[in-house]
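A.B. asks: I'd like to ask you about the structure that follows.
Every number in this text was worked out from the coordinates using simple rules, so none of it is lab data. It should be emphasised that the depicted structure is a prediction, and the values quoted were computed from it without experimental measurement. Here the Cβ positions follow ideal geometry from the backbone for every residue, glycine too, while neighbour counts run over all protein chains shown.
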Amino acid sequence: MTNAQFKEELIAYSKTIGIDKIGFTSADPFLSLKERLLTQKKLGYESGFEEPDIEKRTDPTLTLSSARSIISIAVAYPAKMKNPPKSKKGERRGVFCRASWGMDYHQVLRDRLSKLEEFIKKQIPHAEMVSMVDTGALSDRAVALRAGIGWSAKNCAIITPEFGSYVYLGNLITSVPIEPDTPLTEQCGSCTKCIDACPTGALVQGGQLNAQKCISFLTQTKGLIEDQYRKKIGNRLYGCDTCQQVCPKNKGIDIHHHQELEPDPEIAKPLLIPLLKISNREFKEKFGHISGSWRGKKPIQRNAILALAHFKEEAALDDLKSLMESDPRPVIRGSAAWAIGKIGREDTKEWLMDALKKEQEEEVLGEIKKGLDLLSKISH
């Protein structure tokens with residue numbers, strides 16, 4: 001079989017296993033990416049979730065010494081939920097970003113990639129391969145860009161002509177030489193809608209993100225959220241879709257190709273108050289299969305508290321009082337105290353005053369004082 005025939009067979013096979021788009025590139029180092037990553041590091045714009053070794057992130061041969069080609073895959077996910085539940089007074093809801101709807105995409109894409117590996121092994125038994133989804137050393141987006149999957153947009157996403165930016169990406173590095181595809185030209189033009197709409201100004205300029213300010217990153221941290229970002233997080237429990245939602249290239253795109261990526265409305269848009277009391281076991285049972293659960297329940301609970309404060313949801317006050325007084329985690333106690341002040345019911349001042357006398361942790365005391373300050377502003 002010729003190289004060209006093998007490539008055609010691989011493309012045809014990929015369509016039968018739920019891969020929406022496939023592209024190929026060489027295993028040459030990503031030199032322009034390296035420059036950009038060094039700049040990001042210098043500016044302090046990294047999230048800290050990345051592979052720390054920039055050499056590994058830009059040289060595929062450090063992952064697989066025999067690397068000759070990289071296969072990039074894209075799997076499209078839905079942009080709209082059928083019958084989304086309404087958030088209303090007394091029954092306020094939070095929201096997980098679209099990339100966390102349905103089954104954890106890491107599992108979905110790993111399944112597709114392992115099938116590709118098996119297919120390649122049957123054709124070329126001596127082939128060496130390493131596949132990765134999101135958590136590997138290489139940048140999925142840099143590979144997808146060079147493999148012609150889509151162009152690198154101003155919102156730092158890969159935009160495909162067929163599915164917009166609503167795609168999950170995965171890579172397979174292999175020792176098999178495969179003819180590379182041609183990268184697409186950037187098609188954002190003069191549009192800056194994503195930059196203008198970013199709630200925290202995390203999109204510094206087209207193609208440059210300060211991850212430290214990105215709501216998607218902030219919702220995954222485990223500490224107290226800085227005051228300036230609390231209101232901007234709104235009712236987001238995990239991730240942020242703003243820069244995708246405003247993108248004209250995503251207009252009218254809503255792909256429902258894969259049953260396992262369909263959202264369960266009660267999980268993708270859950271009631272907030274029950275999240276405050278959810279046990280570890282219940283959290284695992286309900287949310288364990290989605291990618292948004294990877295940091296555990298603490299960040300989700302903290303974000304739920306901020307969301308209830310955002311809605312000024314008085315029905316949550318008793319539960320927030322209970323958290324402030326007896327939760328073992330300082331971040332949860334502190335966030336609850338702040339939220340009580342933010343919701344702003346006059347009679348809760350006594351709760352905060354009592355907590356101020358009993359609390360030992362410095363950071364929690366600071367949040368109780370902020371709560372009292374918010375209440376005093378309301379009463380004046």
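A.B. asks: Tell me the label-point distance for the pair Lys88, Ser65, using the 7 Å Cα-to-Cβ offset, in nm and rounded to one decimal.
C.D. replies: According to this spin-label approximation, the distance is 6.6 nm.
A.B. asks: Next question, about the same structure. Label-point separation (nm) for Lys369 and Glu186, each offset 7 Å from Cα along Cα-to-Cβ?
C.D. replies: Those two pseudo-labels are separated by 4.6 nm.
A.B. asks: Test of understanding: what is the full-extension gain from Lys34 to His257, defined as 0.36 nm times their sequence separation minus their Cα-Cα distance?
C.D. replies: Length difference between fully extended and current span is 76.8 nm.
A.B. asks: For the chain, what is the charge dipole size about the Cα centre, in debye to the nearest 20, if Lys and Arg each add +1 at the Cβ and Asp and Glu each add -1 at the Cβ?
C.D. replies: 840
A.B. asks: What shape does the stretch 1-143 take by its C-alpha gyration tensor, where a ≥ b ≥ c are the square roots of the eigenvalues and a/c under 1.5 counts as rounded, a/b above b/c as prolate, and the rest as oblate?
C.D. replies: Since a/c reaches 1.5 but b/c is at least a/b, the shape of the stretch 1-143 is classed as oblate.
A.B. asks: Looking at the chain as a GNM with Cα springs under 10 Å, which of Leu64, Leu145, Leu218 has the largest mean-square fluctuation?
C.D. replies: Result for the chain, Cα springs under 10 Å: Leu64 fluctuates most.
A.B. asks: So, one more: Count charges around Ser335 for me, please; just the other residues with Cβ under 11 Å from its Cβ, Lys/Arg as +1, Asp/Glu as -1.
C.D. replies: +4
A.B. asks: Right, here's the next one. Among Thr61, Thr16, Thr135, whose mean-square fluctuation peaks in a Gaussian network model of the chain (Cα, cutoff 10 Å)?
C.D. replies: Result for the chain, Cα springs under 10 Å: Thr16 fluctuates most.
A.B. asks: Per residue and in cubic angstrom, what volume does the convex hull of the Cα atoms of the stretch 239-304 have?
C.D. replies: Taking the convex hull of the Cα positions in the stretch 239-304, it is 110 Å³ per residue.
A.B. asks: Hey, in the GNM for the chain with a 10 angstrom Cα cutoff, which one of Arg329, Arg236, Arg98 fluctuates hardest?
C.D. replies: Comparing Arg329, Arg236, Arg98 in a Gaussian network model of the chain, the most mobile one is Arg329.
A.B. asks: Roughly how large, in nm² to one decimal, is the mean projection of the convex hull of the alpha-carbon atoms in the stretch 166-210?
C.D. replies: 5.2
A.B. asks: Right, another one. Counting each pair of different Cα atoms once, what's the Kirkwood radius of the stretch 243-380 in Å, rounded to one decimal?
C.D. replies: 16.7
A.B. asks: Which of the residue pairs Lys82/Lys342; Lys312/Lys369; Lys232/Lys358; Lys277/Lys370 have a Cα-Cα distance greater than 21 Å in the structure shown?
C.D. replies: Details: Lys82/Lys342 33 Å; Lys312/Lys369 18 Å; Lys232/Lys358 31 Å; Lys277/Lys370 24 Å.
Flagged as over cut-off: Lys82/Lys342; Lys232/Lys358; Lys277/Lys370.
A.B. asks: Please report, in whole Å, how far the alpha carbons of the chain spread along each principal axis, starting with the longest.
C.D. replies: Computed over the Cα atoms, the extents are 79, 42, 38 Å.
A.B. asks: Still on this model: At R0 = 35 Å, how high is the FRET efficiency between Asp264 and His126 if r is their beta carbon distance? Nearest 0.05 is fine.
C.D. replies: The pair Asp264/His126 has a calculated efficiency of 0.20.
A.B. asks: Please name which of Phe24, Ser165, Gly48 has its Cα lying farthest along the dipole of the chain towards the positive end, using unit charges on Cβ (Lys, Arg +1; Asp, Glu -1) and the Cα centre as origin.
C.D. replies: The Cα lying farthest towards the positive end belongs to Ser165.
A.B. asks: Work out, step by step, the length gained on full extension between Met103 and Glu51: first 0.36 nm times the residue separation, then minus their alpha carbon distance; give nm to one decimal. It would help to have the intermediate numbers written out before the result.
C.D. replies: Details: separation 52, 0.36 × 52 = 18.72 nm, distance 2.42 nm.
Gain on stretching Met103 to Glu51: 16.3 nm.
A.B. asks: Over the stretch 118-243, how many percent of alpha carbon pairs lie in each 10 Å bin up to the one with the longest distance?
C.D. replies: 11, 33, 31, 16, 8, 1
A.B. asks: Can you give the FRET efficiency for Ile17 and Glu361, using 1/(1 + (r/R0)^6), R0 = 35 Å, r = Cβ-Cβ distance, to the nearest 0.05?
C.D. replies: Calculated value: 0.10.
A.B. asks: Determine the gain in length on full extension of the stretch Thr2-Glu346; use 0.36 nm per residue of separation and subtract their C-alpha separation, reporting nm with one decimal.
C.D. replies: Taking Thr2 through Glu346 to full extension adds about 116.1 nm, to one decimal.
A.B. asks: Hey, how many Å between the Cα centroid of the stretch 1-80 and the Cα centroid of the stretch 93-164?
C.D. replies: The stretch 1-80 and the stretch 93-164 have Cα centres spaced 8 Å from each other.
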